[in-house]
Amino acid sequence: MLYKDPACRHGLGLKRLNESAYEMTNGKRYLPFLLTLLVIFLDRTTKIAVVSNMKLHESKPFLGDLVRWTYIHNDGMVFGMDVPQMNLLIGFSIIAAIVVLIILLTGQDEPRGMRWILGAILGGAIGNTYDRIAYGYVIDFVDVDFPNWIMDRFAVFNIADAAVSVGVTVLLLLFIFQKPTPVADAAEPPEMGYRENEAEYYTDLNSSEPVDPETSESEATQA
C-alpha cells in the first residue's frame, strides 16, 4: 500500500528515525557502568592502601587537621549509623544494588544524567557490600573537620560512602529542580523537515526500500 499524504509519510519517517535513534543510544546504555567500575576500583585500592600502610585507629594528617586519614572499622551502615544485625544490612545492600542495576539496564535517562548518578551509587553499594561480606565490617579512613558551630568532626567515611551519599543527594536535587520535558501534541504531525522535491520516503509498508514521492504518485495514478 502506498501513502501519498505528507502526514503519513511524516509518521513513517518518524518511526524509522526513532528506531535508528534507539539503536544508536542503546549502545550508550552501558556507559554509566564505566563509572561504576571506576568507583569500585578507587574504593578497593584506597582501602587496600590504608590497611597496608596504617594500623587500626591510627590517624595521619593529609591537609593539616582539616582532612586526616583515620583507619577504623565501621560495623554500622553509612557514616557510622548503627544497625541491629549485620546479615540484615548485607541483605538490604544486595537488594538495593540489584534494584539500581535493574533501573540502569531498563530505565531511561530522565531526569538527564540520572543513569550516570545511579552508576556511581551502584559502585558505592558494591564496594561497601564487598567489605561487609568479606570482613564483617566496612573500612573507613577519610576524616574531615568542620567548623565548631556545625559539628566537631564529620563521621569517618570512604570512597564508596561518598559515591552513595553524594549520588543520592544530587539525584534528589535533579528530581526537585529539573523542569519536566514538554510533551508535543499528538494530534499535530511532527515537523521532520518535509521537503517535496528532496526527501525520500518509506511509503510502501510492504517494502523496506525508500520510494521516491514522484514515482509513488505515478504508480498510484496508473493503479
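Summary of computed values
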read-out	value
Pairs, first farther than 10 Å from GLY167 by Cβ in the range 119-132, second of a type in the set (S, T, N, Q) and in a helix (DSSP H, G or I), C-beta under 8 Å, six or more apart	ILE126/THR36; ASN128/SER93; THR129/SER93; ARG132/SER93
The lone exception for TYR71 - which of (1) of a type outside the set (D, E, K, R); (2) in a helix (DSSP H, G or I); (3) surrounded by 19 or more Cβ atoms within 10 Å (Cβ to Cβ) it fails	(2)
Boolean, MET77 is modelled with pLDDT of 85 or more, surrounded by 16 or more Cβ atoms within 10 Å (Cβ to Cβ) and within 23 Å of the chain's Cα centre (by Cα)	no
Filter result for the condition that a residue is under 18 Å from the mean Cα position of the chain (by Cα) and of a type in the set (Ser, Thr, Tyr), over TYR30, TYR137, TYR71, TYR130	TYR30
Residue check, LEU89 touching a Lys or Arg at 6+ places or on another chain (Cβ under 7 Å), part of a helix (DSSP H, G or I) and farther than 15 Å from GLY167 by Cβ	yes
Sole exception among (1) more than 26 Å from ILE176 (Cβ to Cβ); (2) surrounded by 18 or more Cβ atoms within 10 Å (Cβ to Cβ); (3) charged (D, E, K, R) for ARG115, by number	(1)
Residues satisfying the stated conditions in the range 118-152, i.e. surrounded by fewer than 18 Cβ atoms within 10 Å (Cβ to Cβ), of a type in the set (Val, Ile, Thr) and either in contact with an Asp or Glu (Cβ under 7 Å, 6 or more places away or on another chain) or at pLDDT 90 or above (or both)	ILE133, VAL144
Given (1) among the aliphatic types (A, V, I, L, M); (2) closer than 28 Å to LYS60 by Cβ; (3) in a helix (DSSP H, G or I), number of the condition ALA97 does not satisfy	(2)
Selection within the range 153-169 - in a helix (DSSP H, G or I) and surrounded by fewer than 17 Cβ atoms within 10 Å (Cβ to Cβ)	SER165, VAL166, VAL168, THR169
Scope the range 176-193; condition among the hydrophobic types (A, V, I, L, M, F, W, C) and modelled with pLDDT under 85; matching residues	PHE177, VAL183, ALA184, ALA186, ALA187, MET192
Inter-residue pairs, beta-carbon under 9 Å, first closer than 17 Å to VAL50 by Cβ and in the range 134-156, second assigned to a loop (DSSP other than H, G, I, E, B) and among the polar types (S, T, N, Q), 6+ apart	VAL138/ASN158; ILE139/ASN158; ASP140/ASN158; PHE141/ASN158; VAL142/ASN158
Qualifying positions in the range 47-57 - crowded, with 18+ Cβ neighbours inside 10 Å and either over 10 Å from ILE139 (Cα atoms) or more than 27 Å from the chain's Cα centre (by Cα) (or both)	VAL50
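The values are calculated or read from the model by the stated rules, or taken from the named source; none is laboratory data. If you're wondering where the values come from, they're calculated on a predicted model, not measured in any experiment. Cβ atoms come from the backbone with ideal geometry, glycine included; neighbour counts cover every protein chain shown.
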